[in-house]
1. What residues have an amide H closer than 5 Å to that of S722, excluding those fewer than 5 places away on the same chain, when H is modeled at 1.01 Å from N in the peptide plane?
2. So, in nm, how far is label E732 from label L382 when the simple model puts each one 7 Å beyond its Cα toward the Cβ?
3. Would you mind working out the accessible area per residue for the range 133-188, using a 1.4 Å probe, and quoting it in Å²?
4. What FRET efficiency comes out for W462 versus E499 if R0 is 35 angstrom and r is the Cβ-Cβ distance? Round to the nearest 0.05.
5. Which far-off residues, 5 or more places away or on another chain, put their amide H under 5 Å from the one on L436, with H placed in the peptide plane?
6. In whole percent, and with a 1.4 Å probe on the protein chains, what portion of the accessible area of the range 142-226 is carbon and sulfur?
7. Pulled fully out, how much extra length does the chain show between Q771 and E530, if you take 0.36 nm times their separation in residues and subtract their Cα-Cα distance?
8. With every protein chain kept in place and ligands, DNA and RNA left out, what is the accessible area per residue of the range 721-777? Probe 1.4 Å, answer in Å².
Amino acid sequence: MSEPEAAPAPGPEDAPGPAGEAPPAAAPREEPANESERPGDAPAAGLPERRSEPPRQPVQPPVHPVAPPHQPLTPAQYQHQAQYYRQMAAQQRPVVLLPNPRWHRPDRSAPQLAVILAFAVAVFAAWSAFPGDGVGIGLALTGIALIAVPLVTSGEDLLPRLPGAVLVAALWSVAAVRDAGWVVALCALAAFVLTPLALAPQRRIGGTLIVMCMGWLEGIAESFKWAKRGRPSKDERDPGTMRMLWTAGITVCLLLVFGGLFAAADSAFADLVGSLLPDLDPAEVVLRLFLAAVLLPLVVTWIYAAVARPVWDAAEEREHRTVSRFELALPLGALNLLFVLFIGVQLRVYFGGEEYVDETNGLTFAEYARHGFWQLSVVAVLALAVIAIAAWLAPKRARGDRWTVRILLGLLALLSMTVVASATFRMYTYTETFGLTRLRVWIFTVEFWLAVLFALVLVGCWRLRAAWLPRAVLASGALTLLGLAAANPDALIARYNIEHEDELAQGLDLDYLGDLSADAAPALAGLPEEDRECLMHQQDYAPEDPEAPDDPRDLMAWNWGHQRAVDLAAGIGEPEPGCVVGFDAYRTDDEYYYDDSSEDPDDATAAAPVGEPGTFWHWDTCAMYDLAGVTEFFGTSAGGDRGVVADDPSQFAESLDPALGLGDRVLHCGYYGPGTRYLMVETYEWPTFDEALAGVAGMRSVDEAEGLYAVTDLAELDASTSGGYVAVLEGEMYQYTEVVDRYVTVVSLSDAATDVTARPVCYDLVAQSYQLAFDLG
């Protein structure tokens, strides 16, 4: 490369010297190739001796003009080159970063009120949106502030943006109504994504997708410049500002002094103040301040987005390649025929009923329905993508082209709606057999939304204009989520399963009902009184002390669903002693259940200790187990919120009927951790080792026959064991059974890891059981 012609790089021969003096022969000047070999150039006048010089090979000019390494620069040459580079550096202009035209509004400055509100919303959100007891009205108020403050601050075009703002505010408000965490999370996530779109609406799908993918983050720098421009100069500051600060400070001091005295004088007032003020834990204060610092740029950016109204839509729609009518009709026509063929087969299956499915597939109708549901759902989603791509590539200039597009895409949309209906019917059939769950409710919701999308696409295909479609899709999704929240899905699940208990293949799962949120409390009224009392008193909304039924939750975590459940729990009776909601083997209607309130003493002998205190066959033995390994495995106390209670029916010994095939006697040690975490250690005694092995074989046969567990022989895992097996219910239950001498110990872990990490914990408990039985007798 060469330097600019206006200031060529000086070489050593360019240094000052006597006039007309030729450069030394030892250091001839190297002419650049592009100058010495120009066609038509004549030799320089006055230098005839150069004609006799042999031609030189062209050389590449050096990037930096320096003297050849064999000849150092003289001081004059060095000064000449240094002056040249200083001149070149002075001519270079600094790089200037141009402002983002999408966000740059130099004529706008932030009002002081807007900046103050931004700080207030960030601090309030940091302390109130996520209190320690769960989410509730604090998150709802934070979300409403995030949409209301920017709109009020912008002060322009409020009416066009009002419908979207109301929809987003309704999504944020779900946190104040529902207690189901999964419903609140879905609505809050949707509201977070839609809030910047409500503040700065986009008209086309490209701009809409950019905003949904957090494209508004590029405006953070301009937002703070906007906020900085609103700061008044020293001469413009209002002299009354300091007086306002003094007034606010005096107000706070008065409230602290008199409020503290009132709280000390009256306990009820102290409780009210305590519920309003958060606990000032230093570590929590630091974390909350950090959260406020993270939220502040978001709030400022959203406020400025409402003011600047950035647009990501293309200025004009670009021309793109379209396909011919034949290229569109052939693949879409073939796809439509395939859909028609599949729907015809489905109609035959549904009219044929369960007998037809059993004859052709060897499956029950519920199993057949579940088998193809996910595939049909994928088909529906892919059909949407095909319609979108085809509509973009379709020719629309000629009238025949437009009618071809309408017919082919409209027919595909109608057939896709039929596929969605088929998938929904399959899931409904499966639900009739196995009951309703949260996942199945969510599936029904998504299928409904897909049907709405196909209806919108059908309208768009007919009109061949879909500028309104992105906004309609988002609005329909938001309304679907609001409909889900309004339906109260947890209560719907409980009500459906209770009403259809006799129709469910596996009966009513009280353990699953116990995992539902407080929203399900009204639906639990349909349970028998004994089950209802037992179930509700084990929830977090049940009062620990009947004399003090007040809700201990933080005020910002309050929601209507939880409050209603608290009121219902306060009005029910006390549960029966020994009430446990969990796996079927340990429910209150099980053969192991003992009701110590029974008037017949013979009913209580089943759970009476078969040994004296100090022997192995007494409930006192349960307190002798070392649960350190289980505690580390659970990640929390193995005793949890119940622990070992001396007269708890889950810690007892009993004699067994030999006809049961479970030995002569058994010691049950149950430990209930927080939530659904559960540990049960059962030690059975047989007369001989061979009988113990036979008993374990019978227990294994029962577990394999149920079909719920994945059963593995213990010898495959550890060849040194005498006998036993491992039964795993993936993600829910790990049951370890081992024979040691004439004792069989069964260790059951629920709501924990079900992989190989559970085996060392179970092996340790088996060893402790055998050692205790050997020591205590």
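The values are calculated or read from the model by the stated rules, or taken from the named source; none is laboratory data. Model, not experiment: these values are computed from the prediction. We place every Cβ from the backbone using ideal geometry, glycine too, and count neighbours over all the protein chains shown. For accessibility, only protein heavy atoms count, side chains too; no ligands or nucleic acids. Shrake-Rupley method; radii C 1.70, N 1.55, O 1.52, S 1.80 Å.
1. Sorted by chain and number, the residues that satisfy this are V739.
2. 3.2 nm
3. Numbers: 2090 Å² over 56 residues.
Each residue of the range 133-188 exposes 37 Å² on average to a 1.4 Å probe.
4. Working: r = 42 Å, r/R0 = 1.20.
Efficiency for this residue pair is about 0.25.
5. So L436 has HN proximity to N497.
6. On the way: 2690 of 3490 Å².
Within the range 142-226, the accessible surface is 77 percent carbon and sulfur.
7. 82.8 nm
8. Numbers: 2180 Å² over 57 residues.
Accessible area per residue: 38 Å².
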